[in-house]
Amino acid sequence: MPRCAAPRPTDPMAIRDTSATDRVIVPRVDRKRRAWLIGAVVVALIACAWAAPSLWRLFVAGRSVSAARLQIATVVRGPFVRDLAADGKVVAAVSPTLYASAPGAVVLKVQAGDVVKKGQVVAVIDSPELQNRLAQEQANADAMQVDYQRAQIDSRKQRRELQKNLENAQIDEKTAQADLDRNQQAFKHGVIAQMQVAHSQDALAKAVVARRHAQEDIGLDDDSLAFNEKSKKLAWERQALIAKDLQRQVDDLNVRSPVDGQVGQLFVAASATVAKDAKLLSVVDLSALEVEVEVPESLARDLAIGMGAQISGNGKQWPGKVGAISPEVVNGEVTARVRFSGAQPAQLRQSQRLSVRIVLDRRDDALTVTRGSFVDESGGRYAYVVRDGIAVKTPVTLGASSIDKVEILQGLKAGDQVVVSGTDNFNGAARVAISN
């Protein structure tokens, strides 16, 4: 306690006690300052209590990400419908393109938009070279036909000659046999000598040999003649086929519409000279229309021909089914065509936009969560489950997926909070704190 010093005596030897002059100074208490100090301590304690969980989560996780950069969804159990919704355009099921069958000048008989019937001539190609070849080959076919007919006549003449030789040989044989019989009877009666009988026997033997050879010649020569006729006939038929094919090509110079429909696009100008196989025009069959849609590759593997579909547009809906699926993947998408199941709606136009919904699968009791980027980022192998403000990397097994949901087979339960988007900020960490 501070003391007040008494005045010193003049005599240094006479020092008196100053206790009688001391007095106690009572300090002044600043109540306002004390209240401020107490309030600051209380606020500091409250701030520490409020920040302690966050500091603990940050200490445990080692990394923190703002919740504003994430999308969190709840795992639920209920009906799960795998469907595919896409915008499509109306296209003609049959839209053939006509080509030039030969080089030449094209004369168009129709204009774009004209209605045509099946078999109607829509263009004519003038090809003098092809027509000249047809005339030449037809003349060759006619000449070969004449050769074949001449061979038939020659064969008949030779067969007749051979038959005549055989008949003469048979007559000679009979004559020799009769002479031998007479000579033998005469020899028995002693009218002629033995030598004449022997001569008659030799003559008969010669006649028998001549008849046998004549008969064999008929068989051999008949086969030879038949072979000659057949070769002539085959040559003529081959030439006739060449001429027939050229006639078909000449007929194809009159380009005809293969279907009832409407002329679409003209690829050549009138009276233009084109090469073989050049595109001339297209014909659109408006009686059979389909809806063409682009399907993501991830869903295309589950798409199958014959699946039911629902087509909608202009406030109306029509049943349909998948009619065709392209085997090619272009820019991550597969082209599919949906056909109308019933009668084709009226007043549809080509390239008109319609909406298509295809139901791939339906389940009444399935564990699902909102589909997000975590499916692709993790490859479906793990998910981040939020517990007490910390996202924990959890192994999962995913099942089927739709446009907005994905099925959970293992690793999660109903009510779990899952980070479905923004997991790329976690960099694969095992635990991540989520800050507000």
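The values are calculated or read from the model by the stated rules, or taken from the named source; none is laboratory data. Keep in mind that what you see is a predicted model, and the values were worked out from it rather than measured. When we count neighbours, we look across all protein chains shown, and the Cβ atoms used for this are built from the backbone with ideal geometry, even at glycine.
Looking only at residues in segment 360-383 that are among the small types (Gly, Ala, Ser) and surrounded by 17 or more Cβ atoms within 10 Å (Cβ to Cβ), the one that is modelled with the lowest pLDDT is Ser378. It is to be established whether one or more residues within segment 409-418 are in contact with a Gly (Cβ under 7 Å, 6 or more places away or on another chain), at pLDDT 85 or above and of a type outside the set (Gly, Ala, Ser). Among the residues of segment 409-418, at least one is in contact with a Gly (Cβ under 7 Å, 6 or more places away or on another chain), at pLDDT 85 or above and of a type outside the set (Gly, Ala, Ser), which makes the answer yes.
You will find that of Asp172, Asp147, Asp181, the residue that is in contact with a helix residue (DSSP H, G or I) (Cβ under 6 Å, 6 or more places away or on another chain), among the charged types (D, E, K, R) and surrounded by fewer than 16 Cβ atoms within 10 Å (Cβ to Cβ) is Asp147 and no other. Screening Ile242 against (1) surrounded by 13 or more Cβ atoms within 10 Å (Cβ to Cβ); (2) of a type in the set (A, V, I, L, M, F, W, C); (3) over 30 Å from Asn140 (Cβ atoms) leaves a single unmet condition, (3). Where strands (runs of 3 or more DSSP E) sit wholly within segment 247-315, those with at least 3 residues that are within 15 Å of Leu108 (Cα to Cα) and more than 22 Å from the chain's Cα centre (by Cα) occupy 254-256, 261-266, 279-284.
Can you tell me how many residues in segment 214-223 are surrounded by 12 or more Cβ atoms within 10 Å (Cβ to Cβ) and without any contact (Cβ under 8 Å) to a residue 60 or more places away in the chain?
To start, the set of residues in segment 214-223 that are surrounded by 12 or more Cβ atoms within 10 Å (Cβ to Cβ) comprises 214-215, 217-218, 221-222.
Among the residues that remain, those that are also without any contact (Cβ under 8 Å) to a residue 60 or more places away in the chain are: 214-215, 217-218.
Residues meeting the conditions: 4.
Considering only segment 279-298, I want to know if a residue exists there that is without any contact (Cβ under 8 Å) to a residue 40 or more places away in the chain, buried (at least 18 other Cβ atoms within 10 Å of the Cβ) and out of contact with any Phe, Trp or Tyr (no Cβ under 9 Å at 6 or more places or on another chain). No, segment 279-298 contains no residue that is without any contact (Cβ under 8 Å) to a residue 40 or more places away in the chain, buried (at least 18 other Cβ atoms within 10 Å of the Cβ) and out of contact with any Phe, Trp or Tyr (no Cβ under 9 Å at 6 or more places or on another chain).
Do we find that Lys321 is in a strand (DSSP E or B) and surrounded by fewer than 18 Cβ atoms within 10 Å (Cβ to Cβ) in this structure? So Lys321 fits the description; yes. Being at pLDDT 80 or above, within 27 Å of Lys157 (Cα to Cα) and either assigned to a helix (DSSP H, G or I) or not small (Gly, Ala, Ser) (or both) is a property that holds for Glu173.
Listed here are the residues, each with its yes/no results for (1) among the acidic types (Asp, Glu); (2) assigned by TED's automatic domain parsing to the domain that holds Ser401; (3) touching a strand residue (DSSP E or B) at 6+ places or on another chain (Cβ under 8 Å).
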position: Lys232; (1), (2), (3): no, no, no
position: Glu237; (1), (2), (3): yes, no, no
position: Gln262; (1), (2), (3): no, no, yes
position: Leu266; (1), (2), (3): no, no, yes
position: Thr273; (1), (2), (3): no, no, yes
position: Glu290; (1), (2), (3): yes, no, yes
position: Pro296; (1), (2), (3): no, no, yes
position: Ala304; (1), (2), (3): no, no, yes
position: Gln310; (1), (2), (3): no, no, yes
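Checked across segment 136-146, the condition of being under 18 Å from Gln265 (Cβ atoms) and either assigned to a loop (DSSP other than H, G, I, E, B) or hydrophobic (A, V, I, L, M, F, W, C) (or both) holds for no residue.
Does any residue of segment 206-228 turn out to be within 30 Å of Gln149 (Cβ to Cβ), among the hydroxyl-bearing types (Ser, Thr, Tyr) and in a helix (DSSP H, G or I)? Within segment 206-228 (the criterion being within 30 Å of Gln149 (Cβ to Cβ), among the hydroxyl-bearing types (Ser, Thr, Tyr) and in a helix (DSSP H, G or I)), the answer is yes, since at least one residue qualifies. Checking Val419, Val386 one by one, the residue that is in contact with a Leu (Cβ under 7 Å, 6 or more places away or on another chain), in the same structural domain as Leu70 (by TED's automatic domain parsing), in contact (Cβ under 8 Å) with a residue 12 or more places away in the chain and buried (at least 17 other Cβ atoms within 10 Å of the Cβ) is Val419 and no other. The combined condition, being surrounded by fewer than 17 Cβ atoms within 10 Å (Cβ to Cβ), at pLDDT below 85 and among the basic types (Lys, Arg), is not fulfilled by Arg211. Say whether the condition of being part of a helix (DSSP H, G or I), surrounded by 15 or more Cβ atoms within 10 Å (Cβ to Cβ) and of a type in the set (S, T, N, Q) is met by at least one residue in segment 109-130. So far as segment 109-130 goes, no, none of its residues is part of a helix (DSSP H, G or I), surrounded by 15 or more Cβ atoms within 10 Å (Cβ to Cβ) and of a type in the set (S, T, N, Q).
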